[in-house]
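To keep things clear, I will list the structure first and then write my remarks on it.
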Amino acid sequence: MKITIIGDGGWGTTLALLLNNNRYSVTIWSKFPDYADFLSKKRVNAKFLPGVKIPRGISITGDLRKAVSGAEIIILAVPSQYMRSVLKEIRKIGLYKGASFLSASKGIERKTLMRASEIIADVLGNVKIGVLSGPTISHEVSRGMFTAVVVASKDAAFAKKAQRIFNSRNFRVYISKDVVGVESGAALKNVIAIAAGILDGMKLGVNAKAGLVARGLAEISRLGVAMGAECRTFYGISGLGDLVTTCMSGYGRNRWFGEEIGKGRRPKDILKKTEMAVEGMVTAESAYRLLKKYKVEMPITEQVYWVLYKGKSPKKAIADLMARPVKAE
């Protein structure tokens, strides 16, 4: 079985390592042919996963036609804002017929407010689609540290197939039918992670962050349910598990982004100096539009949006959150 990873980031590389360890034939596709050549020769993803050796058994190419030709499963590990354009290129090549698609992206498309699975269906039509999500810091997973994730798909057979392919002694895979819940939790938690980072940057302590995580989960689940998700999904691995990891880990880029804002830096200045995609920045805008669309109360998300896009000071945002009318939990 040939499996292709679309995307040469830290997570895409880590997924390739997992599959290679499970003895599958894996190809990584990079958008940039020069970097694909670099990865092929050096066998280390210096930009996104430094210090981790890429085995020779993993193929790396900048040729999309070569990458998708003959692939039984195509895994999309690109930022959500670039997914549509990559899928259009795959559609143009036309060699994906019969392949199943698994999204490993965590975001919401800015223009359409679509989740990854919806973008895949919108571009490619009737193909088998699944999503893989959970608390997955690449730095840890790539080094064989214990991890649990969820694969969600409306196609139960495909979900079980993906579970079998990825599951190992160090990487435990659960399955779910709640695609909306798994995807929305994965995307929306990045907004809460930015808020957690802001608290860290302002040195406001653990109590504040714990309260933020608890109330953040409550508002994420409210919106998710309004969008058609099952509430219990948000209290599982792809919801609470992912949220805690992203808010606490020193490797989480969204938390780090928020921390820099909390230290006084402007969002646009931070983004200029990082090559990594900060999904939470775009998701904050998408989430703000979604909460208005579904008329869901999401005070933390709303304040993060005002800080990122309207120049509101974090200090004022926190003060406004704490001054809200008291109520039952």
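For the reader, a short list of remarks on this structure follows.
- Some residue of region 186-195 being more than 17 Å from residue 18 (Cα to Cα), outside any helix (DSSP H, G or I) and of a type outside the set (A, V, I, L, M, F, W, C): no
- Residue in region 36-58 that is nearest to residue 86 (Cα to Cα), counting only those that are at pLDDT 95 or above, buried (at least 17 other Cβ atoms within 10 Å of the Cβ) and out of contact with any His (no Cβ under 8 Å at 6 or more places or on another chain): 36
- Boolean, residue 44 is out of contact with any helix residue (DSSP H, G or I) (no Cβ under 6 Å at 6 or more places or on another chain), of a type in the set (Val, Ile, Thr), farther than 21 Å from residue 90 by Cα and without any contact (Cβ under 8 Å) to a residue 60 or more places away in the chain: yes
- Taking (1) of a type in the set (Gly, Ala, Ser); (2) over 18 Å from the mean Cα position of the chain (by Cα); (3) over 22 Å from residue 292 (Cα atoms) in turn, residue 176 satisfies each apart from (2).
- Filter pass, residue 71 being in the same structural domain as residue 6 (by TED's automatic domain parsing) and in contact (Cβ under 8 Å) with a residue 24 or more places away in the chain: yes
- Within region 241-254, if we keep just the residues that are more than 12 Å from residue 186 (Cβ to Cβ), out of contact with any Ser or Thr (no Cβ under 6 Å at 6 or more places or on another chain) and of a type outside the set (Phe, Trp, Tyr), the residue that is surrounded by the most Cβ atoms within 10 Å (Cβ to Cβ) turns out to be 247.
- Total residues in region 51-72, condition touching a strand residue (DSSP E or B) at 6+ places or on another chain (Cβ under 8 Å) and either farther than 16 Å from residue 93 by Cα or of a type in the set (Phe, Trp, Tyr) (or both): 8
- With respect to the conditions (1) over 18 Å from the mean Cα position of the chain (by Cα); (2) over 15 Å from residue 194 (Cα atoms); (3) not in a helix (DSSP H, G or I), residue 218 lacks only one, and its number is (3).
- Scanning region 241-278 for residues that are in contact with a helix residue (DSSP H, G or I) (Cβ under 6 Å, 6 or more places away or on another chain), aliphatic (A, V, I, L, M) and closer than 21 Å to residue 173 by Cβ gives a single hit, 243.
- Between 56, 84, the distinction of being more than 28 Å from residue 190 (Cα to Cα), free of Cβ contacts under 8 Å to residues at least 40 places away in the same chain and either not aromatic (Phe, Trp, Tyr) or not assigned by TED's automatic domain parsing to the domain that holds residue 127 (or both) belongs to 56 only.
- Single residue of region 226-240 satisfying the filter (in contact with a Leu (Cβ under 8 Å, 6 or more places away or on another chain) and assigned to a helix (DSSP H, G or I)) that is surrounded by the fewest Cβ atoms within 10 Å (Cβ to Cβ): 235
- Given (1) touching a Phe, Trp or Tyr at 6+ places or on another chain (Cβ under 8 Å); (2) surrounded by 24 or more Cβ atoms within 10 Å (Cβ to Cβ); (3) under 15 Å from residue 239 (Cα atoms); (4) not β-branched (Val, Ile, Thr), index of the condition residue 223 fails: (2)
- Residue 148 vs. criteria closer than 17 Å to residue 242 by Cα, surrounded by fewer than 17 Cβ atoms within 10 Å (Cβ to Cβ) and under 19 Å from the mean Cα position of the chain (by Cα): yes
- The requirement of being crowded, with 23+ Cβ neighbours inside 10 Å and in contact (Cβ under 8 Å) with a residue 24 or more places away in the chain is not satisfied by residue 277.
The values are calculated or read from the model by the stated rules, or taken from the named source; none is laboratory data. Keep in mind it's a predicted model, so treat the numbers as computed, not measured. A quick note on method: Cβ atoms are made from the backbone with ideal geometry, for glycine too, and the neighbour counts reach across all protein chains shown.
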